[in-house]
Amino acid sequence: MNGSAYMRDGIGDPRHNLGRHVDGAPFEVAHAELLAALAGRPLVAIDRFGTVLRTGYTGPNPVEALRPALSIGCYPAWDPALPGMVVAAEDRTSVRSVAERQGWLRRVRHDAARHLVKLDRPPVISTCFAGAQLQELAHGGTIAAIDPGVRATIEARHLFDDLLRAAGVPAVARIRCVPAERLPGLAELRRAVGTERVVVQAGGGSGGRGTVIVSGEDDMGRAARLLGPYRVAAYVEGRPCAVTVLSVPDGAGGVSVYVDRPAHSATGVAELGVGPLTSAGHDWSRPWPVPAAALLVDCAERIAVWGWRRYGVAGLFCLHALLTPGERVYLSAIRWRYDESTEASAANQQAVGVPPFVLAHLTVMSGGRVSWLGEPHEFNQLSLLRAARPGGPFSVRVRLRNESPVRIAPGHPPGVYRLDRHGHPHWVRRGAHPADARADDGEFLLAGLPAPDVVCHPGADLATVEAVTDGSTQPFLDPGGASSFTRRVAAAVHRLFQPHDP
């Protein structure tokens with residue numbers, strides 16, 4: 001595929017791309033190369049969501065090779081995003097809760113092992129990251145993730161600034177910080193980073209775990225409960241953001257780096273039941289200031305090259321950052337894995353006539369060759385062009401705000417919905433891809449709704465709201481607030497549920 005094909009037929013304009021037909025040749029090549037890399041081995045997905053990878057095997061130009069033969073997760077799948085076989089913890093427990101969300105792999109371990117040993121060949125396992133439990137489950141299969149020890153080092157918070165310096169990330173993109181084996185007093189921390197509010201981090205967790213924003217002495221107790229070593233950073237007022245990055249060995253000893261258009265995010269959105277420092281979703285439709293987006297792309301390229309040279313790692317990773325009101329960008333974390341934003345971000349790649357990055361990721365991790373991506377510089381320039389314009393997909397997380405358990409009323413499966421004039425949601429049609437719903441026409445996809453027999457407890461995931469927009473519909477107003485559209489949809493989602501009477 002020649003790089004100029006990215007712009008063919010108006011595909012580069014986000015107002016004309018999502019959901020329209022594009023040249024299918026790259027998708028056919030990608031399908032064939034993934035099959036060749038799998039070499040007859042079944043593809044197995046292990047992820048909280050039973051429909052992980054669905055953006056690639058549904059929607060425009062679907063790639064059937066991405067549909068897992070077996071999916072192991074917490075939440076079940078739905079038509080038209082059904083894998084060959086699904087093992088879902090929720091089908092066994094009929095409970096959706098914070099505890100189930102965090103411990104689902106233990107619930108399905110024995111059932112999953114039975115299905116895995118029935119496979120004709122050792123599988124290729126698509127997962128966020130490898131670990132002891134997954135190694136045990138794999139039974140000789142290939143885990144499509146980087147070495148867990150390398151990942152832990154790359155994602156370690158106290159090593160983050162050292163990593164950025166080693167990768168040659170410009171100082172203007174680095175937050176002032178200091179490492180610490182033990183936490184000194186608040187006054188010393190403030191002097192070290194030069195701000196009244198400081199951010200104390202430890203470990204390599206995500207979703208706000210391992211991070212405490214310290215505004216005064218009352219917060220130091222919570223910070224001290226974190227297990228060091230620590231990263232103590234200056235507090236930066238800014239909007240959370242993220243960008244999906246793909247590095248692919250170029251056959252000449254280096255890597256080609258492809259950077260998606262960056263997303264704006266929001267955290268701690270109370271209307272959505274999302275707690276402090278936890279992501280409420282991602283929005284690729286909101287325009288970016290070009291200098292900030294260009295710096296983010298440059299940093300992503302440098303980190304990808306460093307990861308290859310230092311550890312020999314390639315594939316997908318996500319770079320997190322903050323965009324300040326003054327349009328400066330500061331890097332905040334790296335997740336060298338399939339990230340929570342990766343699923344919906346695949347719609348961006350499809351929109352410019354390119355198969356989802358995860359196809360190349362799985363091909364690389366399976367030892368195969370990737371030839372369909374074209375010139376990385378041209379792709380990244382197109383990402384910058386599109387980032388400066390309105391329009392694109394978005395994804396919003398909705399969790400149960402109620403203090404008592406609920407169950408969904410019968411007759412409300414996942415799919416595309418609309419609101420009536422009273423604000424009640426009505427199912428319109430089947431769907432499993434963000435481009436199946438156009439927010440500007442009043443549509444939205446509710447992905448991952450539970451079955452009527454599932455009891456949802458406070459804090460449980462109720463659904464993910466996905467759609468595409470030309471920029472007229474905004475999911476978030478600010479870093480911590482939902483738009484009127486999102487508030488209406490979130491309220492409508494809660495109306496689908498009724499109190500659970502034991």
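The values are calculated or read from the model by the stated rules, or taken from the named source; none is laboratory data. Owing to the predicted nature of the structure, the values given are computational and were not obtained by experimental measurement. For neighbour counting, all protein chains shown are included, and Cβ atoms are generated from backbone atoms with ideal geometry for every residue, glycine included. Heads up: the accessible areas ignore ligands, DNA and RNA and are worked out on the full protein's heavy atoms, side chains in. Shrake-Rupley method; radii C 1.70, N 1.55, O 1.52, S 1.80 Å.
Could you grab me the full set of residues in the range 213-247 that are assigned to a strand (DSSP E or B) and either farther than 29 Å from residue 298 by Cα or out of contact with any helix residue (DSSP H, G or I) (no Cβ under 8 Å at 6 or more places or on another chain) (or both)?
Answer for the range 213-247, where residues must be assigned to a strand (DSSP E or B) and either farther than 29 Å from residue 298 by Cα or out of contact with any helix residue (DSSP H, G or I) (no Cβ under 8 Å at 6 or more places or on another chain) (or both): 214, 239, 240, 242.
Scanning the range 378-415 for residues that are touching a residue at least 24 places away in the same chain (Cβ under 8 Å), in a helix (DSSP H, G or I), open to solvent by 40 Å² or more (accessible area, probe 1.4 Å) and not aliphatic (A, V, I, L, M) returns a single hit, 378. Part of a strand (DSSP E or B), in contact (Cβ under 8 Å) with a residue 40 or more places away in the chain, β-branched (Val, Ile, Thr) and touching a strand residue (DSSP E or B) at 6+ places or on another chain (Cβ under 6 Å): does that describe residue 200? Here the answer is no, as residue 200 does not meet what is asked.
Name the one entry in 80, 122 that is at pLDDT 95 or above and part of a loop (DSSP other than H, G, I, E, B).
Matching residue, one of 80, 122: 80.
Only a single item in (1) in a strand (DSSP E or B); (2) surrounded by fewer than 21 Cβ atoms within 10 Å (Cβ to Cβ); (3) among the hydroxyl-bearing types (Ser, Thr, Tyr) is not met by residue 371, and it is number (1). When 432, 447 are screened for being closer than 18 Å to residue 80 by Cα, touching a helix residue (DSSP H, G or I) at 6+ places or on another chain (Cβ under 7 Å) and aliphatic (A, V, I, L, M), only 432 passes. Applying the criterion of being of a type in the set (Asp, Glu) and in contact (Cβ under 8 Å) with a residue 60 or more places away in the chain to the residues of the range 298-353, the residue that is most open to solvent (accessible area, probe 1.4 Å) is 340. Return yes or no: is residue 278 closer than 29 Å to residue 475 by Cα and touching a Cys at 6+ places or on another chain (Cβ under 7 Å)? Taking the combined requirement at face value, the residue does not satisfy it. For the range 320-335, a residue qualifies if it is touching a Cys at 6+ places or on another chain (Cβ under 8 Å) and more than 16 Å from residue 267 (Cα to Cα), and the qualifying residues are 329, 331, 334, 335. Contact map, the range 489-502: first residue open to solvent by 50 Å² or more (accessible area, probe 1.4 Å), second residue in a loop (DSSP other than H, G, I, E, B) and of a type in the set (S, T, N, Q), Cβ cut-off under 9 Å, separation 6 or more or different chains; pairs are 499/402; 499/404; 500/404. Can you spot a residue in the range 205-212 that is in a strand (DSSP E or B), free of Cβ contacts under 8 Å to residues at least 40 places away in the same chain, closer than 16 Å to residue 332 by Cα and among the hydrophobic types (A, V, I, L, M, F, W, C)? Taking every residue of the range 205-212 in turn, at least one turns out to be in a strand (DSSP E or B), free of Cβ contacts under 8 Å to residues at least 40 places away in the same chain, closer than 16 Å to residue 332 by Cα and among the hydrophobic types (A, V, I, L, M, F, W, C).
Candidates in the range 109-157 are the residues that are surrounded by 15 or more Cβ atoms within 10 Å (Cβ to Cβ) and basic (Lys, Arg); of these, the one that is nearest to the chain's Cα centre (by Cα) is 151. In the range 291-302 there is no residue that is at pLDDT 95 or above, within 30 Å of residue 190 (Cβ to Cβ), of a type in the set (A, V, I, L, M, F, W, C) and more than 24 Å from the chain's Cα centre (by Cα). If we scan the range 19-33, do we find a residue that is β-branched (Val, Ile, Thr), open to solvent by less than 20 Å² (accessible area, probe 1.4 Å), at pLDDT below 95 and under 16 Å from residue 359 (Cβ atoms)? Yes, some residue in the range 19-33 is β-branched (Val, Ile, Thr), open to solvent by less than 20 Å² (accessible area, probe 1.4 Å), at pLDDT below 95 and under 16 Å from residue 359 (Cβ atoms). For the range 439-458, the set of residues classified as open to solvent by 10 Å² or more (accessible area, probe 1.4 Å), in contact (Cβ under 8 Å) with a residue 40 or more places away in the chain, in contact with a strand residue (DSSP E or B) (Cβ under 6 Å, 6 or more places away or on another chain) and of a type outside the set (A, V, I, L, M) consists of 448, 452, listed by residue number. Of the residues making up the range 335-346, just one is touching a His at 6+ places or on another chain (Cβ under 7 Å) and hydrophobic (A, V, I, L, M, F, W, C), namely 344.
Just wondering, is there one or more residues in the range 392-408 that are over 19 Å from residue 99 (Cα atoms) and touching an Asp or Glu at 6+ places or on another chain (Cβ under 6 Å)?
Yes, some residue in the range 392-408 is over 19 Å from residue 99 (Cα atoms) and touching an Asp or Glu at 6+ places or on another chain (Cβ under 6 Å).
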